[in-house]
Amino acid sequence: RYLLLYLVLPSVLNLIFILGAYFMLKTEKTSEKTQNHTVAILFFLICACVQCFHHTFPPILCVPCIAVFMTIIFADLKLTRLVFGLSYISLILAFQIASFEGDRDVKAIFLDCIVAGIMIFCSYLGAKVLTRYTNEQAQSIHNSCLKQMELIQEAKTEPLTGLLNRRAMVDILGQAVYQEGVTRTPLILAVIDLDDFKLINDSYGHSKGDEVLVTLADILSQNTPGNENVFRYDGEEFVLLFSGHPIAAVVEMIDKMHQEFREHHFDFLI
């Protein structure tokens, strides 16, 4: 009877719990949230199994505290509350089993369960505090990473036109050349320069010159497959990078840009 109740039966139940969780985790369609819940509840069931079958030793009644604390790694307060609630249910079940067996005084068992209930509640409060702290730390790290990415992007972006600058061009060009060597895809670099652009600045002012640059940048961006392929190299010089396009198609695209820019009407030109 001892081997059946305290060894065989709990071992079989734990094996069933583990196999059930294994098949759920193995399913490809299982979401990450479901996987987290499965792992947390599996750990709780193992603790509850120990609690219900080995209740004769009072500290065993507090075993679900471990399952409650374990939910901290998932940083999910709802999951922590779920395991906390299940822990009280298992504690009540353990009390009922212990009372039914009649090996100990019911009053003593009840007091042990009260102590265990307090311990489980304290573990819940501790897990709650630590989870919130973990979430705050994770959010702080996330915000810091986003800010750093924004600064990196700003460092590679030319503020007037919004195009990538020379630094970004060097990085992307290096990657494109390496990729071209691996895949043998055509790589074409086109350099565009505005003739006599200085006359615009001298005759109409730098603000009008900026308007010309922004207009050209928009035309290049709208007619180039991928904004990452358009760069403002320096002053009135722009660079277009084409990967995987035949030269005839590139020439056609550039001619279209040229024609659209020539036909654009600037208000300050009479």
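Relative protection proxy for 144-154, 86-96, from highest mean packing down: 86-96, 144-154 (other beta-carbon atoms within 10 angstrom).
Ligands, DNA and RNA left out, the 1.4 Å accessible surface of the chain is 63% carbon and sulfur atoms.
Contact order, relative form, for the chain: 13 percent (alpha carbon pairs under 8 Å, 6 or more residues apart, mean separation divided by residue count). With the charge dipole of the stretch 88-219 set up from +1 on Lys and Arg Cβ and -1 on Asp and Glu Cβ about the Cα centre, the Cα lying farthest toward the positive end among the listed residues 192, 142, 119 is that of 119. Highest mobility in the GNM of the chain, judged by mean-square fluctuation with C-alpha springs under 10 Å and restricted to 136, 28, 158, is found for 28. Along the charge dipole of the stretch 192-270, pointing to its positive end and built from +1/-1 on Cβ of Lys, Arg, Asp and Glu, which listed residue (220, 233, 244) has its Cα farthest out? The residue sitting most towards the positive pole is 244.
Segment residue 201..residue 247, full-extension length gain: 13.2 nm, with 0.36 nm per residue of separation and the alpha-carbon distance subtracted. One entry in [x] 7, 31, 40, 19, 3, 0; [y] 7, 26, 33, 22, 10, 2, 0; [z] 6, 19, 17, 11, 9, 11, 11, 9, 5, 2, 0 is P(r) over Cα pairs in 10 Å bins from 0, in percent calculated from the shown coordinates; its label is [z]. Axis angle, to the nearest 10 degrees, between helix 77-101 and the longest C-alpha principal axis of the chain: 10 degrees. In straight-distance terms, cross-link reach from residue 256 covers every one of the lysines whose alpha-carbon lies under 29 Å from its own, apart from those fewer than eight places away in the same chain; here that gives 156, 198, 208. The mean sequence separation of alpha-carbon pairs under 8 Å and at least six residues apart, normalised by the residue count of the stretch 1-158, gives a relative contact order of 22 percent. Computed from phi, the 3J(HN,Hα) profile of the stretch 191-200 under the Karplus parametrisation 6.51, -1.76, 1.60 (θ = phi - 60°) reads 10, 10, 10, 7, 5, 6, 5, 4, 5, 5 Hz, with x in place of Gly and Pro.
Per DSSP H run of n ≥ 4, the term is -39500 (n - 2.57); total these for the chain, divide by its residue number, and report the mean residue ellipticity at 222 nm rounded to 500 deg cm²/dmol.
Only helices count here, giving -23000 deg cm²/dmol.
From the largest down, the stretch 103-155 spans 74, 15, 5 angstrom on the principal axes of its Cα atoms. Think of each Lys and Arg Cβ as +1 and each Asp and Glu Cβ as -1; about the Cα centre, that makes the dipole of the chain roughly 2180 debye. Indicate, rounded to the nearest 5 percent, the antiparallel portion of the DSSP beta bridges found entirely in the stretch 157-249. Here the antiparallel bridges make up roughly 90 percent for the stretch 157-249. With a simple spin-label model that places each label point 7 Å from the Cα along the Cα-to-Cβ direction, the separation between residue 129 and residue 150 comes to 3.3 nm. DSSP beta bridges confined to the chain are antiparallel in about 90 percent of cases. Only the Cβ atoms of Lys and Arg (+1) and of Asp and Glu (-1) were treated as charged; on that basis the dipole of the stretch 49-203 about its Cα centre amounts to roughly 560 debye.
In the context of the full set of protein chains, the stretch 1-153 has a per residue accessible area of 63 Å² (1.4 Å probe). The 3J(HN,Hα) values that the Karplus relation (6.51, -1.76, 1.60; θ = phi - 60°) gives for the stretch 246-258 are, in residue order, x, 5, 5, 5, 5, 4, 5, 5, 5, 4, 5, 4, 4 Hz. Gly and Pro appear as x.
Summary value for the stretch 124-239: 30 percent relative contact order, contacts being C-alpha pairs under 8 angstrom separated by 6+ residues.
The values are calculated or read from the model by the stated rules, or taken from the named source; none is laboratory data. Everything quoted here is computed from the prediction, not taken from an experiment. When we count neighbours, we look across all protein chains shown, and the Cβ atoms used for this are built from the backbone with ideal geometry, even at glycine. Just the protein is used for accessible areas: all its heavy atoms, side chains included, with ligands, DNA and RNA removed. Shrake-Rupley method; radii C 1.70, N 1.55, O 1.52, S 1.80 Å.
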